[in-house]
Each structure stands twice: as C-alpha cells, then as structure tokens.
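A short worksheet on the structure shown next.
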C-alpha cells in the first residue's frame, strides 16, 4: 500500500474513491481560494488508487502555527495517522481535527467504542466538534409514494398545503441564485443569532464549484417573493443539505416543507440513493434547545437518526495544544456574544 500526494491530473480517480463533498477535489480548490492550505493524499494498491483524503490547514492568528482539519474522510489506520503526522509537521500543526465519515444508526449496537480506543491509544483526544455528531439519513431508493407514506402526517399535510397555496420551487444555480441566498441568509442570521460564514466565503464557493455539478441552489417562491433558499450538494450518489436560509414572511404557507420534498425528488432524479440532512440533535432532544424545531422538521421526513463517531484531535504539539484549546474556548464565547448582540 502506497500513500502519497496526488496531482491535478488525478482528479477524476481521486473523486471516485472519496465519499463526501468536503473531501472532493473541487471543495479543496475552493478552500485554497479562501486562503487555506490543502493537502490531497491518494492511497494506492500498486498503480490503482483505492482511497484518498484531504486535509486543510488553518493559520492560528498571530502565530506560526496551524490547525489541521480532516472533515468526513475515511477512518484513519496506523499508516494514515503516520502520514498525517508527517504532513502536519510540514505545516507546523498543533493538532489535526479528525471527523471521520464513519456512522451508524443510533438504535443499532455501537462499535464506536473500539474506534475511540484506537484513537485514544494513538495520541488523540475528544475535541470540540465542528460538525454535529448526529444527522438524519433518508434512503432515496423507495418510490415517491413510499417516501410520502413514511413521513409524519403533519409533514405530508404541510407539503400539500404549500402546493395548494401556490408555493413553487425552482433551481437557480447562478450568481443571482447565490446572491439571493446571501440576502436571505443575512436576515436569518440577524433574526436567529447564529454564526454563519461571511458573504465572501459563499461568493467564492459559487465561483469555484458553482459549475462543478456538485452544488445546486433552490428557491421557494410565493407570490413573486423568495421565501427560502437552499444550497444542496450531489456527490457520488448521495444528496446533502448543508446550507439553508429563510425569511420570516408567510410562514403560514409552509415553503420549507415543500422545499425539502422537491429537493428529495430532485435527488432521486439525479440517481442518489441516500440523503444526508447535514446535522441534527441526538436522541431524546431537549425541547428548549434552539435547534429543536429544526431537528423536528427534518425528523418528519422519515429518515434514520444516525450517529458519527465524533471529533478527535490528533495532537502533534502537546504544549501548544493546551494553550490553543484554552484560547479557542474564549474565542467562541466572544463569537456567540457578538451574534446575540446583533439580534
């Protein structure tokens, strides 16, 4: 088995062996344009690429250090951890945050404890998550009638209501579609007080991967007004819902319910076999949690609540790691305070 960096001429082979949009070649190109260093690695059996992964390296302000991020890659083994250690050293990384794309339904016997033991035995420790540990995953292989039948009654009712009220969904994966998303996102973040990437991040995303076939923008329109805009990804037979924003206007027409259903149907037409809804709360969620409503909304579509193995920091510089984690906790407290003050 050979583990080595890959070049642009190996893009297609690389994309065929990675499993998540955030590991795709196009996503790496986008992240480069935001000023982040990207390392792409191929895993070879002889001359044939059989696996791959990407790591991004993010500068720690006012220092010469970086933090590596390994989002939704394969489960690391000893050989991969050895490669990550070497790559991290080249980038003067304090640690590499590992969030492997390894999951299972929450109601099945867990094998995650064995994974945790392996990582803990190899200089890793549980870290602050960037991705949520849970998501809903919906199989798209049933027929549309079967998918509707598996939904909660209230969800089906809201879909029908939106259709009767005249809400319609269109795809607009253009610069205008992205600008519409940013307009609605500004209102959403101001109203709900959550953190989101800035406008330049999304503009660069559209410039880099808007024509890749992976990114798609959908708008829900009612009486010539855009109520909701979603960005979804299609990659290697799977559909993802990473970004969405909606106005406070005309909540009574249930535009988001119809949006989700139309996106599901779109994914089926694209040949996708599953739909990762990109995050949820865990089992027995707290009704007082600010994300409870969003969790229940997704739950209504009949997906399986799925748990990832979580976030582990692969520590490369123990002394600096202790300092970094302390400062990072303070930084997030400041960001949350700023969000609340903007409301």
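The values are calculated or read from the model by the stated rules, or taken from the named source; none is laboratory data. Since we're looking at a predicted model, the values are computed, not measured. Here the Cβ positions follow ideal geometry from the backbone for every residue, glycine too, while neighbour counts run over all protein chains shown.
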* Asked: What tally of residues in region 60-82 results from selecting those that are modelled with pLDDT of 95 or more and over 28 Å from residue 120 (Cβ atoms)?
  -> 1
* Of all residues in region 104-123 being assigned to a loop (DSSP other than H, G, I, E, B) and in contact with a strand residue (DSSP E or B) (Cβ under 6 Å, 6 or more places away or on another chain), which is nearest to residue 278 (Cα to Cα)? -> 106
* **Enumeration of residues in region 253-274 that are surrounded by fewer than 19 Cβ atoms within 10 Å (Cβ to Cβ), in a helix (DSSP H, G or I) and touching a helix residue (DSSP H, G or I) at 6+ places or on another chain (Cβ under 9 Å)** => 265, 268
* Asked: Restricting attention to region 126-146, does a residue exist that is in contact with a helix residue (DSSP H, G or I) (Cβ under 8 Å, 6 or more places away or on another chain) and in a helix (DSSP H, G or I)?
  -> yes
* Pairs, first in a helix (DSSP H, G or I) in region 280-295, second at pLDDT 95 or above, C-beta under 7 Å, six or more apart -> 292/281; 292/285; 292/286; 295/280; 295/281; 295/285
* To do: Take region 275-289 and flag every residue that is surrounded by fewer than 17 Cβ atoms within 10 Å (Cβ to Cβ) and out of contact with any helix residue (DSSP H, G or I) (no Cβ under 8 Å at 6 or more places or on another chain).
  => 282, 283, 284, 287, 288
* Are any of the residues in region 191-203 modelled with pLDDT of 95 or more and over 26 Å from residue 333 (Cα atoms)? -> yes
* Asked: Does residue 12 count as closer than 17 Å to residue 312 by Cβ, out of contact with any strand residue (DSSP E or B) (no Cβ under 9 Å at 6 or more places or on another chain) and assigned by TED's automatic domain parsing to the domain that holds residue 97?
  -> no
* Could you tell me whether region 319-327 includes any residue that is surrounded by 13 or more Cβ atoms within 10 Å (Cβ to Cβ), assigned to a loop (DSSP other than H, G, I, E, B) and either in contact with a strand residue (DSSP E or B) (Cβ under 9 Å, 6 or more places away or on another chain) or not assigned by TED's automatic domain parsing to the domain that holds residue 100 (or both)? => no
* Asked: So is residue 187 in the same structural domain as residue 268 (by TED's automatic domain parsing), at pLDDT below 95, over 20 Å from the mean Cα position of the chain (by Cα) and surrounded by 14 or more Cβ atoms within 10 Å (Cβ to Cβ) or not?
  -> yes
* **residue 167, sole failed condition from (1) in contact (Cβ under 8 Å) with a residue 60 or more places away in the chain; (2) out of contact with any strand residue (DSSP E or B) (no Cβ under 8 Å at 6 or more places or on another chain)** => (2)
